[in-house]
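Asker: One structure, pasted below without further comment.
The values are calculated or read from the model by the stated rules, or taken from the named source; none is laboratory data. Everything numeric here is computed off the predicted structure, so don't read it as measured data. Backbone-built Cβ (ideal geometry, glycine too); neighbour counts: all protein chains shown.
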Protein chains: 2
Amino acid sequence: MITTPDYRALLETAITEARQGLAEGGIPIGAALYHNDGRLLGCGHNRRIQEDDPSIHGETDAFRKAGRQRGYRNTIMVTTLAPCWYCSGLVRQFNIGTVVVGESVSFAGGIDWLRDNGVKVIDLNDAGCIEMMGRYIAENPDVWNEDIGE
Amino acid sequence: MITTPDYRALLETAITEARQGLAEGGIPIGAALYHNDGRLLGCGHNRRIQEDDPSIHGETDAFRKAGRQRGYRNTIMVTTLAPCWYCSGLVRQFNIGTVVVGESVSFAGGIDWLRDNGVKVIDLNDAGCIEMMGRYIAENPDVWNEDIGE
């Protein structure tokens, strides 16, 4: 029997990470890397501010926490916000099969490019994610622009 | 007076990093982020093996070591090997103005895509870089394929 993962349940892990980041004074973007079979491989959140590290986006943190994997075709990257080019490039290079985004209203990133390159992208258009990110961007435009290189 | 950076001199920093990685038992890819004015902002090398960390490519390590910068338009990412999609995405997202690659024979990565998106890409086609990477790939095909997600 083939079952479809409960993407909204997986998104909860990413949302928890995003909230943790916000509680730390950081940018509220969280992510989780799951295997298709439901196993959580790694999760993390943006820590630009907390660690003065511009390389730690939610997705790269989740990828890192998952350690060395021999193949990502059967994995799902779940993130509260559509991945930027940096994180989209990560998905494409490592052939991550599926990307689930909480929202792409605040930022669309590279999701069309990923779809064009064969990645399955599911946009949950989650109201809570939109509200959390929208509020952060409105209140912290400088940090947000720094995080996306603008 | 506008002077052109000595790209071969900048490449030496990346090569030194790659050799350091090789000496540590790692994949010999090094990188350095320079300001156009000649200042070295950060340098690093691939540490997948040394730290069991798949997120540390040469370019992402150099970017990280440079810390938080307010804009990258006037920076040069120098790397011994053409950047993969992950690192090409980094360059595009943060609007790094120039990319200098030691070679693109062993791996072409995303350099055409970067050029199409307005990044100045200089390929030095360096024989030493080609030899170093070619030898490593021939002797360690499994590690190399893991590093590029194949």
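Asker: Starting from the range B:135-150, take each residue that is assigned to a helix (DSSP H, G or I) and list its partners that are of a type in the set (A, V, I, L, M), counting only C-beta distances under 8 angstrom and pairs at least six apart or across chains.
Answerer: Pairs found: B:Y136/B:L22; B:Y136/B:I27; B:V143/B:I27; B:V143/B:I49; B:W144/B:I27; B:W144/B:I137; B:D147/B:I27.
Asker: Filtering the range A:1-10 down to residues that are surrounded by fewer than 14 Cβ atoms within 10 Å (Cβ to Cβ) and hydroxyl-bearing (S, T, Y), which residue is modelled with the highest pLDDT?
Answerer: A:T4
Asker: Now a separate question. Given the criterion more than 11 Å from the chain's Cα centre (by Cα) and within 14 Å of another protein chain (Cβ to nearest Cβ), identify the matching residue among A:E59, A:E51.
Answerer: None of the other options fit; the residue is A:E51.
Asker: Among the residues of the range B:5-25, write down those that are among the hydrophobic types (A, V, I, L, M, F, W, C), free of Cβ contacts under 8 Å to residues at least 40 places away in the same chain and either closer than 20 Å to B:V99 by Cα or touching a Phe, Trp or Tyr at 6+ places or on another chain (Cβ under 8 Å) (or both). Quick ask: steps written out before the conclusion?
Answerer: Of all residues in the range B:5-25, those among the hydrophobic types (A, V, I, L, M, F, W, C) come to B:9-11, B:14-15, B:18, B:22-23.
From the residues that got through so far, the ones that are free of Cβ contacts under 8 Å to residues at least 40 places away in the same chain too are B:9, B:23.
Hit for the range B:5-25 is B:A9, nothing else.
Asker: Tell me yes or no: at least one residue of the range A:73-81 is touching a Pro at 6+ places or on another chain (Cβ under 8 Å), more than 9 Å from chain B (Cβ to nearest Cβ), surrounded by fewer than 22 Cβ atoms within 10 Å (Cβ to Cβ) and aliphatic (A, V, I, L, M).
Answerer: Kept after step one, since they are touching a Pro at 6+ places or on another chain (Cβ under 8 Å), are these residues of the range A:73-81: A:76-77, A:80.
Cutting the leftovers down to more than 9 Å from chain B (Cβ to nearest Cβ) gives us A:76-77, A:80.
Narrowing the set further to residues that are surrounded by fewer than 22 Cβ atoms within 10 Å (Cβ to Cβ) leaves none.
Scanning the range A:73-81, I find no residue that is touching a Pro at 6+ places or on another chain (Cβ under 8 Å), more than 9 Å from chain B (Cβ to nearest Cβ), surrounded by fewer than 22 Cβ atoms within 10 Å (Cβ to Cβ) and aliphatic (A, V, I, L, M), so the answer is no.
Asker: Out of B:R64, B:R68, report the one residue that is surrounded by fewer than 23 Cβ atoms within 10 Å (Cβ to Cβ), within 13 Å of chain A (Cβ to nearest Cβ), in a helix (DSSP H, G or I) and basic (K, R).
Answerer: Of the residues listed, the single one that is surrounded by fewer than 23 Cβ atoms within 10 Å (Cβ to Cβ), within 13 Å of chain A (Cβ to nearest Cβ), in a helix (DSSP H, G or I) and basic (K, R) is B:R64.
Asker: Pick out the one residue from B:R39, B:R64 that is charged (D, E, K, R) and under 14 Å from the mean Cα position of the chain (by Cα).
Answerer: Exactly one of B:R39, B:R64 is charged (D, E, K, R) and under 14 Å from the mean Cα position of the chain (by Cα), namely B:R64.
Asker: Right, next: Of the conditions (1) within 14 Å of another protein chain (Cβ to nearest Cβ); (2) surrounded by fewer than 23 Cβ atoms within 10 Å (Cβ to Cβ); (3) not small (G, A, S), B:R115 clears all except one; give me its number.
Answerer: The one condition B:R115 does not meet is (1).
Asker: Quickly run through the range B:50-59 and pick out the residues that are part of a helix (DSSP H, G or I) and surrounded by fewer than 24 Cβ atoms within 10 Å (Cβ to Cβ).
Answerer: B:Q50, B:E51
Asker: Has the range A:90-108 got at least one residue that is touching a Ser or Thr at 6+ places or on another chain (Cβ under 8 Å), without any contact (Cβ under 8 Å) to a residue 40 or more places away in the chain, in a loop (DSSP other than H, G, I, E, B) and more than 13 Å from chain B (Cβ to nearest Cβ)?
Answerer: Checked against the condition, which is being touching a Ser or Thr at 6+ places or on another chain (Cβ under 8 Å), without any contact (Cβ under 8 Å) to a residue 40 or more places away in the chain, in a loop (DSSP other than H, G, I, E, B) and more than 13 Å from chain B (Cβ to nearest Cβ), the range A:90-108 yields at least one hit.
Asker: In addition: Please verify whether A:A31 is more than 10 Å from chain B (Cβ to nearest Cβ), within 11 Å of the chain's Cα centre (by Cα), modelled with pLDDT of 95 or more and under 22 Å from A:Y136 (Cα atoms), treating the condition exactly as stated.
Answerer: For A:A31, the condition - more than 10 Å from chain B (Cβ to nearest Cβ), within 11 Å of the chain's Cα centre (by Cα), modelled with pLDDT of 95 or more and under 22 Å from A:Y136 (Cα atoms) - is met.
Asker: For the range B:11-41, give me each residue that is crowded, with 18+ Cβ neighbours inside 10 Å, small (G, A, S) and not in a helix (DSSP H, G or I).
Answerer: B:G26, B:G30, B:A31, B:A32
Asker: With A:D116, A:D123 as the choices, which residue is on the phi < 0 side of the Ramachandran plot and in contact (Cβ under 8 Å) with a residue 40 or more places away in the chain?
Answerer: Just one listed residue meets the conditions, A:D123.
Asker: Answer with yes or no whether B:G149 is touching a Phe, Trp or Tyr at 6+ places or on another chain (Cβ under 7 Å) and buried (at least 23 other Cβ atoms within 10 Å of the Cβ).
Answerer: Working: touching a Phe, Trp or Tyr at 6+ places or on another chain (Cβ under 7 Å): yes; buried (at least 23 other Cβ atoms within 10 Å of the Cβ): no.
The answer is no for B:G149.
Asker: Same structure, new question: Answer yes or no as to whether A:I122 is surrounded by fewer than 22 Cβ atoms within 10 Å (Cβ to Cβ) and either of a type in the set (S, T, Y) or assigned to a helix (DSSP H, G or I) (or both).
Answerer: Numbers: surrounded by fewer than 22 Cβ atoms within 10 Å (Cβ to Cβ): yes; either of a type in the set (S, T, Y) or assigned to a helix (DSSP H, G or I) (or both): no.
Here the answer is no, as A:I122 does not meet what is asked.
Asker: Looking at the range A:1-18, is at least one residue β-branched (V, I, T) and within 14 Å of chain B (Cβ to nearest Cβ)?
Answerer: No: zero hits.
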